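See structure below.
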Amino acid sequence: MGPITLFDKSFLQSLNVDESVWFDHFFLTNVCPIFYVETLADLSKVVREGRKPEEEVAYIANKFPEMHGSPNAHHTNLCISNLMGHSVPMTTGQIPLSGGRLVKSGGKSGVVYEQSPESEAFSRWHKQQFLEIERLYAHGWREALQTLDLKELASNFRTLGIDGRSCKTLEEAKALAVSIVSGRDKPFDRMKLAILFLHIPRELHREILERWSIVNYPPLIEYAPYVAHVLTIELFFQIALAANLISSERPSNRTDIAYLFYLPFCMAFVSSDKLHRRCAPLFLRHDQQFIWGPELKDDLTKINSLYLSLSEAERERGVMSFAGYPPKEGDFLVSRIWDRHFQNWRGRKHVDISETKIDNSKLVEEINKMKVAPALLPEEVDFDPSSPESVTLQRVVRRKKGSWYQVPKDLKDTDDHK
């Protein structure tokens, strides 16, 4: 499935359908909530001449990574959980999901994730089927984005002495943000800043402070590392605005910067947005990388051309049958990305599942039992929810997308692939 890769709307929008198939195939994509919101907002946005808003959203939705895309839990919910004393794994090997159902079947524990509402919506949107509530939501988001006064926010920060004289570069803006978040003095002021920026519901404030007091008020960077990450991004953005390092003339910058909230949950971040190109590398760990969208798009075009040279009979077997790994011969960016994140993948032999004689009927039966098992009551959970014996994710996958069969042409129809 490839490296866990966060992507933004600008990148997916730049791809054609065939290229999107290969992006979905060779990467395990982290679909963050900002992408859904941005796409939905286009319903009330003036788009390119000759194309209706509904057509623009359908155009993007048609390229949605339906095979290997996983929706990341919303950063606000993760922050609330973190402030309540729960750990938020910030590793490159895990995408925090929401909505899982804890179950047991045949004595085995499991978590079942139904198709997310967002993924279900994209399945409809590529057919230009929109619910009225989605149109109303899109209109409200677009208005909120347009009325956000970034100039006023930047002015307020200048009154705190943060302006072009205090920070000359984005690196300095980040360092200042880090120092504010990681400082040990005035802990209550720093916690208040986090609660305000994250719009934490007032009814949760008391419980958060009580839980924090139990461990003697450690700094955010120790008590709630993910909250510290998000707050650092927020402060960095406001400082950079005040210092005129990021333009306050483009309200959508506020939305674009929010993609960085989800950097801890990926191996790579691909974007065609110049703001991301300037800012994202500042917040990536040494084991992560930023990928410039136009370069990856060009490489996906090359890969698409390579596989189009196969016979029709070969292509009808589905992409998984002949492209289990990226190309091992030739110079391909996708292959180099795999080199960086996976050791020895080039030495592995591809196994064509369609030709194996393994009887998977028992496995399918177990999965189906897990899928229909009722959710456990809290008092019935006798295992660690973070380490179940099985995880089941339900998806709806189109049999053919663009020029490519994502599953074998002759595979029997089910509710999961059509």
Next on the checklist: Whether any residue in segment 224-242 is out of contact with any helix residue (DSSP H, G or I) (no Cβ under 7 Å at 6 or more places or on another chain), part of a helix (DSSP H, G or I) and in contact (Cβ under 8 Å) with a residue 60 or more places away in the chain is what I want to check.
Outcome noted: yes
Checklist outcome for this item: Of the residues in segment 195-209, those that are modelled with pLDDT under 85 and either part of a loop (DSSP other than H, G, I, E, B) or touching a helix residue (DSSP H, G or I) at 6+ places or on another chain (Cβ under 9 Å) (or both) number 3
Checklist entry - Can you name the helices (runs of 4 or more DSSP H) wholly within segment 265-354 that have at least 2 residues being under 30 Å from Pro89 (Cα atoms)? => result 274-279, 293-308, 333-341
Item to check | Selection from segment 19-33 of residues that are surrounded by 22 or more Cβ atoms within 10 Å (Cβ to Cβ), more than 20 Å from Ser321 (Cα to Cα) and in contact with a His (Cβ under 9 Å, 6 or more places away or on another chain) | outcome: Thr29, Cys32
Checklist entry - Of the numbered conditions (1) out of contact with any His (no Cβ under 9 Å at 6 or more places or on another chain); (2) at pLDDT 80 or above; (3) of a type outside the set (Gly, Ala, Ser), Leu131 satisfies every one except a single condition; which is it? => result (2)
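The values are calculated or read from the model by the stated rules, or taken from the named source; none is laboratory data. Not measured: the values here are computed from a predicted model. Because the Cβ atoms are built from the backbone with ideal geometry, glycine has one as well, and the counts that use them run over all protein chains shown.
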